[in-house]
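In what follows, a structure is listed as C-alpha cells, so that the remarks can point back to it.
The values are calculated or read from the model by the stated rules, or taken from the named source; none is laboratory data. None of these values were measured; they are calculated from a predicted model. Don't worry about glycine lacking a Cβ; one is built from the backbone with ideal geometry, like all the others, and counts go over all protein chains shown. Surface areas here come from the heavy atoms of the whole protein model, side chains and all, with no ligands, DNA or RNA. Shrake-Rupley method; radii C 1.70, N 1.55, O 1.52, S 1.80 Å.
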Amino acid sequence: QVQLVESGGGLVQPGESLRLSCAASGSIFSIYTMAWYRQAPGKQRELVATITSGGRTYYADSVKGRFIISRDNAKNTLYLQMNSLKPEDTAVYYCANPILWDWGQGTQITVSS
C-alpha cells in the first residue's frame, strides 16, 4: 500500500501558476504509473494527468498545454505544475496510484479574482 500526501494548494488569481507536490511512501514509487485527479464542487472526480514509470505522460484536454506532470523517483515525489490557471480549475486535487487505487487526502485549489 502507498501513502500519499499532497501539498501546495491555495488561492490564486486567474493566469497565475501553482505547483502541487505529492510525497509517496510505503511502496516502490518508481515502478508505478501515477496520476492527478480533481473534483470540483457538484461534479464527478476527473482525471487530470498521468505519468508512467518511464515518464510517458497523458493530459486531459482541459489542461493540455497548461499543466505539466512530472516525477522525481529519487525523492518519491509526484508534481503537477499548473500554469495559466482558470476559475474552472477550481477543485480539490488528488494524487493517486491508479494501479493500487491509493489516494491522497486532497488539496484545495481555488482560482478567483
| note | I69: passes all of (1) touching a residue at least 40 places away in the same chain (Cβ under 8 Å); (2) within 18 Å of V5 (Cβ to Cβ) but (1)
| message | Go through region 8-32 and report how many residues are at negative phi and either modelled with pLDDT under 95 or aromatic (F, W, Y) (or both). | response | 9
| query | Does region 46-94 hold any residues that are under 13 Å from the mean Cα position of the chain (by Cα), among the hydrophobic types (A, V, I, L, M, F, W, C) and more than 12 Å from T33 (Cβ to Cβ), and which are they? | reply | V48, A60, V63, F67, I68, L80, M82, A91, V92
| In region 16-39, the residues that are within 23 Å of K86 (Cα to Cα) and either part of a strand (DSSP E or B) or in contact with a helix residue (DSSP H, G or I) (Cβ under 8 Å, 6 or more places away or on another chain) (or both) | L18, R19, L20, S21, C22, A35, W36, Y37, R38, Q39
| message | Go through region 103-113 and report how many residues are touching a strand residue (DSSP E or B) at 6+ places or on another chain (Cβ under 8 Å), outside any strand (DSSP E or B) and either loosely packed, with under 13 Cβ neighbours inside 10 Å or hydroxyl-bearing (S, T, Y) (or both). | response | 2
| said: I want to confirm something. Restricting to region 33-61 and keeping residues that are surrounded by 14 or more Cβ atoms within 10 Å (Cβ to Cβ) and of a type in the set (G, A, S), which single residue is farthest from G9 (Cα to Cα)? | reply: S53
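This table checks each residue for (1) over 19 Å from E16 (Cβ atoms); (2) at pLDDT 95 or above; (3) touching a helix residue (DSSP H, G or I) at 6+ places or on another chain (Cβ under 8 Å).
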site: R66; (1), (2), (3): no, yes, no
site: K75; (1), (2), (3): yes, no, no
site: P87; (1), (2), (3): no, yes, no
site: T90; (1), (2), (3): no, yes, no
site: I109; (1), (2), (3): no, yes, yes
| Name the pairs: first residue in region 96-113 and of a type in the set (V, I, T), second residue open to solvent by less than 20 Å² (accessible area, probe 1.4 Å) and part of a strand (DSSP E or B), Cβ to Cβ under 7 Å, at least 6 apart or on different chains? | T107/E6; T107/L20; T107/Y93; I109/A91; I109/Y93; V111/V12
| task | Please enumerate the residues belonging to region 5-32 that are touching a residue at least 60 places away in the same chain (Cβ under 8 Å), open to solvent by less than 40 Å² (accessible area, probe 1.4 Å) and closer than 15 Å to N73 by Cβ. | result | C22, A24
| From the residues in region 70-102 that are more than 16 Å from G9 (Cβ to Cβ) and among the small types (G, A, S), which one is most open to solvent (accessible area, probe 1.4 Å)? | A74
